[in-house]
Amino acid sequence: MCQTTVYLDEEKIMEDVIWVKPVAGGIQIRTFFDEPVFVKGVITDIDLLKHRILLVSSGKTLRSSEQEENT
């Protein structure tokens, strides 16, 4: 299976995520059996090999060194 783990501001917020959708003001994420969850943030990194998606809270700015690490 290809589930992933989602982190918000470096804190794990949900495991076994199967669906991620950018929406106005944030991101919707869901697992197999749960309703979608809305997260107020933006995607900064998707690592398919490590099965993780990194989000940062909306309005939080990354330091330039963090931006370079995420590219």
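The values are calculated or read from the model by the stated rules, or taken from the named source; none is laboratory data. Quick caveat, the model's predicted, so the values are computed rather than measured. Cβ atoms come from the backbone with ideal geometry, glycine included; neighbour counts cover every protein chain shown. The accessibility values were calculated without ligands, DNA or RNA, using every heavy atom of the protein model including side chains. Shrake-Rupley method; radii C 1.70, N 1.55, O 1.52, S 1.80 Å.
Below, the figures for the structure above:
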{"read-out": "Members of segment 1-17 found to be open to solvent by 80 Å² or more (accessible area, probe 1.4 Å), outside any strand (DSSP E or B) and over 15 Å from Leu49 (Cα atoms), listed by number", "value": "Glu10"}
{"read-out": "Top-ranked residue in segment 18-53 [being assigned to a strand (DSSP E or B) and of a type in the set (Asp, Glu); ranked as nearest to Thr4 (Cα to Cα)]", "value": "Asp47"}
{"read-out": "Of the criteria (1) within 17 Å of Ser57 (Cβ to Cβ); (2) buried (at least 16 other Cβ atoms within 10 Å of the Cβ), which one Val23 fails", "value": "(2)"}
